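The values are calculated or read from the model by the stated rules, or taken from the named source; none is laboratory data. Since we're looking at a predicted model, the values are computed, not measured. Don't worry about glycine lacking a Cβ; one is built from the backbone with ideal geometry, like all the others, and counts go over all protein chains shown. To get the accessible areas, we keep the full protein, side chains included, count just its heavy atoms, and leave off ligands, DNA and RNA. Shrake-Rupley method; radii C 1.70, N 1.55, O 1.52, S 1.80 Å.
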Amino acid sequence: CEDCHGSKGVSQAGDIPTIAGISAPVHGDFLLAYQEKTRPCRSSKFRQGDTSRPETDMCVVAAKLSAADVEALAAHFAAQSFVPAKQSFDAGKAAAGKASHARDCAKCHTDGGRNPDDDASILGGQHLKYLQQALADLRSGEREASKKMAEKLSKWTDADAEAAAHYYASLQ
């Protein structure tokens, strides 16, 4: 996991999420979704360790995990500290995204999407590039969303999604 997601699950790559601090139930659900191929599985190169290895994807990685492995990995990364990405963002877009968050997201993603106790993953402080891709996947239906979330996102424009990504990226 750390060869892509970084030491203790803190990603240094813009397109790879930090998995440290995400609650064990959510992390476990994500791994199961990769096993079931209900989440997008994009190829990625290894970011540390033996970087000469061929690219892989999360579906390939998760397919090798037993139920006990999923539980152990989820517990391990839940126990790590989330570290927000230090990155550039557009302050104007972030302000607009804050309003969208307050209107559509704050009920499930409290504290700017930074509260792991919500069991709704961690959004605040993730890498901008990852947030942009995740929101695009959710809006297109390529990544599964709850019915309520899908309804809200279906009303968003591309500009709304971009603003939300900048808002979450701004929470450093």
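Assorted remarks:
- Test: residue in the stretch 134-157 that is under 15 Å from T18 (Cβ atoms) and either within 13 Å of the chain's Cα centre (by Cα) or open to solvent by less than 40 Å² (accessible area, probe 1.4 Å) (or both): yes
- Here the condition is being modelled with pLDDT under 95, of a type in the set (V, I, T) and out of contact with any His (no Cβ under 7 Å at 6 or more places or on another chain); of T38, T56, it holds for T38 alone.
- Some residue of the stretch 160-172 being among the charged types (D, E, K, R) and over 23 Å from G28 (Cα atoms): yes
- Test set (1) open to solvent by 50 Å² or more (accessible area, probe 1.4 Å); (2) within 13 Å of the chain's Cα centre (by Cα) - A20 fails condition number: (1)
- Selection status of S100, surrounded by 13 or more Cβ atoms within 10 Å (Cβ to Cβ) and not aromatic (F, W, Y): yes
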